[in-house]
Every structure is written in structure tokens, then in C-alpha cells.
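Peer 1: The structure is given below, and queries will be raised subsequently.
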Amino acid sequence: MTSIDVQDLTKEYGTTRAVDRLTFGVRPGQVTGFLGPNGAGKSTTMRLVLGLDRPTSGTATIGGRPYAGYAEPLRHVGALLDAQAAHGSRTARNHLRALAASNRIPARRVDEVLEQVGIASVSGRRVKTFSLGMRQRLGIAAALLGDPSVLILDEPSNGLDPEGIIWIRELMRGLARQGRAVLVSSHLMNETASFADHLVVLGRGRLLADTPMREFIDSRIQPRVRLRTTEGSRLHAVLTSRGFAPVQDDDGRWTVEGAQVEDVGPIAAAEGIPILELATEKATLEQAYLNLTADEAQFASAPTDRTDHHTHTHTRSVRATPDQEV
């Protein structure tokens, strides 16, 4: 199976080091989200992997060889870096036909990918008449043209409508399920959280994280429980005796940092403490990402005061009794 392997990759432009001794891999069978602030080196790294720039040192290989080593690269690697790259005076179909001919890809494949990305009905129109979303779909069609085992997509949902965003999400997941290696750069944290299995995070050209997404979030931001009860004093005493530190909020609810529903619910049930509401609030990818990259952004606005940094809530609202687990 084909993977992307980056080893000690460095790229300098004069005195600026855009990529700094970067090492990571993109494995088959999963979607790898490629994240980092503006200026972190993501675009430079993708260009180095695709042979569009020459590294100062280190290597970037696909299936064990550099991109330039493939005589018909579209059969092995599909890439979307710039949806505006297609010649505006060509029709969508002719744009794909030219790419297919240059890589000895059967002409029938052009119509297959046009159908797959949903622009077959407008494939006879000139590209310059396309909206940004249509150009994006054309760029994705070009990436899929050679049925490659590796895909590199830069902001693939850019310009897509809500239906298109759901479609590209499912497409990327499906490609990974087929055993392909999929690298996706995106600034949309919530969207990345919906499709990525693994994360590679850069900051100022250096590797900040290379880890499964759930592990990345859990390692940066602790979960917490919020609950409501009619016996707050007794609950506080019981949870404190178990090593937790419950705090009562202004609205009367209690917050227990570092706890899960599975921790608090059985304790309340065993003690016969009535629970009117119980919810685990898990951190989002955006919160974990901002926590990690706070000092790595090249351009940053002044921080805002956020009293509640947990926004994803999984609620179980019940009344706990000695005979009932929450």
C-alpha cells in the first residue's frame, strides 16, 4: 500500500526557513488532517511532496519514490492545490481529457469522474464561466482522474455549498475506506473533525503534533461534567471525598472538571442523590488546536475572554436512584 513519507524535510527561502526538519507519514486507510496557522509551512510542504519545489535538505516520497520519479503521476497521486489552475477557455471535459491523455488514462474515465463530482451536466461549458464551487469540483475530478492510491487536497471544501461540504466529507472517508492515503489541509476545524482520523499539525515550519485526532483533543483539553441536583451539599461532599473538585455555577448547576458521566452518575446513584441533569462536555478540535498553536501563529488577534471553553455536549438527563445507574 502507498503512503507519503516526509523525512527531515527542510526548505529555506533566503534567510527564511519555511519548513524545518519535518518528519511525518500519511498512511493508507485513513484521512490525515493537515493543520497549522497561516505561514506554518503547510502549502510549502505539499508543494515539496508534489515536486513543485526542491527541498533544501531531507526527502519527501510517495510509495518510496519522489513524485518526479513517476512517469504517469496521476495514476499514483491525485492533488488539488489550486482550483483556479484550469485554463478558463477550455471546457471542463476538455480540461480533463488533456490531463488523461498526458498520463495515458482511458478517455472513458473523464466521464466517470465528471459524474462522480456532480458536474457532468455542465462539462461542456468553459471553465471561466464556473463558480468557485464548480471549479472546486472540477479540481477534485482531476485529482480522482487516475484512480490514485494517494490524494493530497488543499482546502477541498472551499466554495462548496452545504450539500457539497457533506459530499466531499463522505468522498474523503470513502477513499480512505478503500485503502487510499488521504492528506487534507484545512482551516475549518469543525469540518476537519468530521472527517479526519489522524492529525499532523505544523507551527512555524516545525512539527507540533502527529497523532490520532481523539488522542490529540483529549491530551490538550480535559473533559468535564455539568449536572443539576436538589442535594448539592451532599453531592459536593461525596464527590470531594472521591477526589473530584465540584464547583457550583451561577445558574445553580455544578461543574466537575476532569470527570465523565460514567464517573459521576454511578456515585450519585449509589448514594441515592437525585440527579435532574447530567452531561459530559467534551472539548472540540478547535479548542485543542488553539491551545497548542497559541504561540505559533504568525498573525494573531487579541484574545477574548471565554468563560466556557467546552462546547460539545453529550447529555443524559435522568433522575438517579439507588437502583438506577446514570
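Peer 1: Just checking, does the range 131-146 include any residue being assigned to a helix (DSSP H, G or I), in contact with a Phe, Trp or Tyr (Cβ under 8 Å, 6 or more places away or on another chain), surrounded by 15 or more Cβ atoms within 10 Å (Cβ to Cβ) and assigned by TED's automatic domain parsing to the domain that holds N158?
Peer 2: For the range 131-146, residues assigned to a helix (DSSP H, G or I), in contact with a Phe, Trp or Tyr (Cβ under 8 Å, 6 or more places away or on another chain), surrounded by 15 or more Cβ atoms within 10 Å (Cβ to Cβ) and assigned by TED's automatic domain parsing to the domain that holds N158: present.
Peer 1: Another question, if that's okay. I need the full set of residues from the range 9-30 which are within 26 Å of G179 (Cα to Cα) and not aliphatic (A, V, I, L, M), in order please.
Peer 2: Those that are within 26 Å of G179 (Cα to Cα) and not aliphatic (A, V, I, L, M): T23, F24, G25, R27, P28, G29, Q30.
Peer 1: A follow-up question, please. Name the helices (runs of 4 or more DSSP H) wholly inside the range 17-127 in which the number of residues that are closer than 24 Å to F195 by Cβ, out of contact with any His (no Cβ under 7 Å at 6 or more places or on another chain) and assigned by TED's automatic domain parsing to the domain that holds R173 is 1 or more.
Peer 2: By residue number, 42-49, 108-117.
The values are calculated or read from the model by the stated rules, or taken from the named source; none is laboratory data. As the structure is a computational prediction, the values presented were derived from the model and not from experiment. With ideal geometry, Cβ positions are generated from the backbone for all residues, glycine too; neighbour counts draw on all protein chains shown.
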